Every structure is written in structure tokens, then in C-alpha cells.
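I have placed the structure first, in the form of C-alpha cells, so that the comments after it can refer back to it.
Here, each number is a calculation from the coordinates, and none is a lab measurement. These numbers come from a predicted model, not from an experiment. All Cβ positions, even for glycine, are placed from backbone atoms using ideal geometry, and neighbour counts span all protein chains on display.
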Amino acid sequence: MDLRDFITLCEKEGDLKRITAEVDWDLEMTHIAKMVEEKDGRAVLFENVKGHDSPVFFGAYSSTKRMAMALGKPADLTMCELSHAWMKMSIGDVIRSKEVETGPVFDNIIYEEDVNVFKFPAPRFYEKDGGRYIGTACFMVTRDPETDEINLGTYRSQVLDEKTVGAQILKGKRGDRILQKYRKAGKKMPICLVVGCDPLLMLAGSAMVEDASEYDVVGTLRGEPVETVNAKLTGLPIPASAELVLEGYVDGDNLRAEGPFGEYTGYYTDELYKTIEKPAIEVKRIYHRNDPIMLCASVGRPINDNHMMLAFVRNATLWTELTRMGIRGIQSVYMPPEACGRFWAIVSIKQMYPGHSNQVAAAVIASNTCTYGLKGLIIVDDDIRADDLPRVWWALATRYHPSGVPRSSNADVQPRLIRL
Ligand SMILES: Cc1cc2nc3c(=O)[nH]c(=O)nc-3n(C[C@H](O)[C@H](O)[C@H](O)COP(=O)(O)O)c2cc1C
Ligand SMILES: [Mn+2]
């Protein structure tokens, strides 16, 4: 599957809204995308972006049905069931990516002197944003210089100038650990930024995969290898049918100011962040298909694209990690998109021995998936599905006591204050 197949499938399913009226990339496009996602539910293809001649696609992931379509699963599965399917498929035999001679991504090649990233219809999302963002549903390809392993990572990317884009690779991520290896060796890190491709590749780019290439994870999920071509300057593998790829280098010693950005939390990154300098890509080459379709994701208050992606991918990788750890009794795992897809986890277990729920809680907290951002965890018994939020509330009301001591009556409960 490539992005065009996915858009065709959306249209067939009645899940696509085409917007042919002229729309401004500056604040207007993102506002419309968010309103359509929230009030209409369809994905949106902007076909007429002011000052540009290529389209922009929003909302690929903003419904569970489209998440199922991206995964090639029946449209009526719940997010929990989809995460379970990912977990089951991803622990099967690995199907490695396949290098092919060439692909439509090379239909157009722009060389260094002609590189001007502003030629592409990157949107500005919110008023106080530091600029236009070309990478919100993207991924970046790097190679570990010690192990030669290929890593995919989704990091947001602001257009900083004609030949430079941001790469907000946060500290401690696999991408950062790779960058630091290049930096210590006194080298720049080769990198390819992919905008628009098989939607499952982008999801895998945002998954905390530590021990494999995400290309192989997607091959395993799809049951057939991802086809890649080698980018011409760095030799990094990129999807043969990607829409748009920026190739270049990150100098770990040359950070650039980036942001602010109206985030998926519904808040701007702190004003302080304005002065924080982050890695950036010096763009040397651009490859793109004819009429490249730019894949973007809405941000802001939940629930939109970003929250669904974060929730789905984290459910799937947390469930996979718990299974690999050999933790018993797991019935379902859910990181609610309402909680921005990453800050709260709910796990349903079949309790089998004293201390079992504590063991599960410790395992969740210790997982790589939950290292970043988990604030709280709710464990419920197996008669409640982790994604059945009304029943989870019922369990909190009747089976939980803030003092930790179970009581027969809830009449004298002293509530624990949560200050907001
Ligand atoms: C839409 C979206 C945007 C993201 N933006 C960032 C980002 O800017 N920086 C970051 O470090 N992680 C970001 N993440 C989370 C990472 O993609 C995730 O932690 C992934 O594991 C990073 O890849 P790595 O583990 O190979 O470094 C984002 C996730 C999603 C779904
Ligand atoms: Mn990765």
C-alpha cells in the first residue's frame, strides 16, 4: 500500500472529504482540517492550497475505522482489538524490507543549489507557532553507525529556512542515541525525512521499537516486505513509493532555535522552549513523486489525528512489551486518546496470585513505551475491558479506595485531592 492507495480506499469507504476551494496554508488549512475531523469525521484532501500546486492530506488516523484500514483489518474492530492484532502480528516471523532498483519517489530530483523547502505546502498550524511545519505525520530514517541497523523515528519538523528543517529528536530516544554516536565521532548524521507514504510506515516510525528496523516491523505486519530504494547521497533506504523525501545531514554540534508549537496537549510548548535549540537537517537533495501528496496531522486539544496515533501505537507496543516480558493474565491494554494517547494507561488483568496487580503495574512503568510521559495507571479486573471507560469509572467508584484499604462501605471515604 502507498498513500495513494490509502486515499482511494478512504474515498471508496465514504471516508474522504475533498476540498477544492482555495485554502491558505497559513492557519486556515489546519483550522478546517481540525473542524472536519471533529464534526464530520472524514479525512480531508486539500486540492487547492494557495500559492502551491500539490495537495495536502489530513486526518488519515483520526478514526478507529481508518486505523483499521491502514492496518488492513476489518473496519469494525475497536482500538483495543487493533492493538491486540498488532501485538500478535509483530511477534511473528520477521519479514525484512526488500531493496528495489528504483521507484516513483525518484520521479523528480532537486539538487542542493535548487533546494527550497518553501516550495511545498507546509501549513502553519497556530497563531503563536514559530513557523511552518513540514513534518507532523512524517518519519526520519537514520542508520546506527555501530550496528548498521536502520531506525525510523517520527519527530516534528519545522521549516527553518529554504535549506534547513528542524528535527526535534528528544533526548534519550533511539534517534538521539544514534545522533550522539555520530557527534562523538565528529561526524554529521545522514538522515532522510519522509513525508507521505504507506500510512502504516508512519505509525511504525512513532513506535518505540528498540531491537529492529521499523521497515521490518511493517513488513511483518503487512505479511510482505516493504520495498525501499537507496537515497542517492547517503545510501539510506527510503520507501520506493514515498511522496516526498528530504535528504541531508544533522550536525549534532550545530543546534537551531525551533518552535513554539501549538502541541497535541492543547497547549503551546512553554515560551521557554522558544530559546531551546534543537537538531536540524541541512537539506541537500529532495526527491518527490509528481504532484506529491503531503501527509499532515492535526494537533491541539484531543481528540485528533495525533492522539489517535499516539494511543494506538503505544497500546500496541505496550501490549507487545508486556507479552515479551512474560507477564501473565493481561486481557487488554488501553492508553486513552482523551488523555493525549500517552499520559494514562489502563490495563485489564485476570488476577491469579497475590501481588499480581502490583507486578503488572511495575512492568507497565518499567516498559520502554511508558518511560516517556506516563502519569498514572489504572488496573481493572478481567470483567472490564480496558477501553470501556464507563465501566472503568464504575470500578474506580466502587472497587477502589484512596487509602488503599478496601472497605465494605464507601460512606466514609476521604477523597484524595487531585490539584489541577
Ligand atoms: C505525530 C507524532 C509526533 C511526534 N513528535 C515527536 C517529536 O517531535 N520528538 C520526539 O522525540 N518524539 C516525537 N514523537 C514520538 C516518537 O515518534 C516516538 O517516541 C518514537 O519512538 C521515536 O523514534 P525512536 O524511538 O526511533 O527515536 C511523535 C509521535 C507522533 C505520533
Ligand atoms: Mn525507531
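Among 302-309, 35-42, the peptide with the highest mean count of other Cβ atoms within 10 Å heads the list, and the full ranking is 302-309, 35-42. Mean separation of Cα pairs under 8 Å and 6 or more residues apart, divided by the residue count, gives the range 305-398 a relative contact order of 29 percent.
Rounded to the nearest 5, the antiparallel percentage of DSSP beta bridges internal to the chain is 75%.
Peptide packing for 201-211, 130-140 was compared via the average number of neighbouring C-beta atoms within 10 Å per residue; ordered from the highest value, the list is 130-140, 201-211. Note on Ala397 and Val100: the model spin-label points, each 7 Å out from Cα along the C-beta direction, lie 5.5 nm apart. If you plug the beta carbon distance of Met35 and Met352 into 1/(1 + (r/R0)^6) with R0 = 60 Å, you get a FRET efficiency near 0.80.
Going through the cross-link list Lys39/Lys119; Lys88/Lys173; Lys50/Lys278; Lys34/Lys65; Lys50/Lys284, which pairs have a Cα-Cα distance over 21 Å in this structure? Correct reply: Lys39/Lys119; Lys88/Lys173; Lys50/Lys278; Lys50/Lys284.
Measuring r between the beta carbons of Asn230 and Met325 and using R0 = 30 Å, the FRET efficiency lands at 0.25.
When a/c is below 1.5 the answer is rounded, else prolate if a/b is larger than b/c, else oblate, so apply that to the range 28-142 with a ≥ b ≥ c taken from the square roots of the Cα gyration tensor eigenvalues. The shape class here is oblate.
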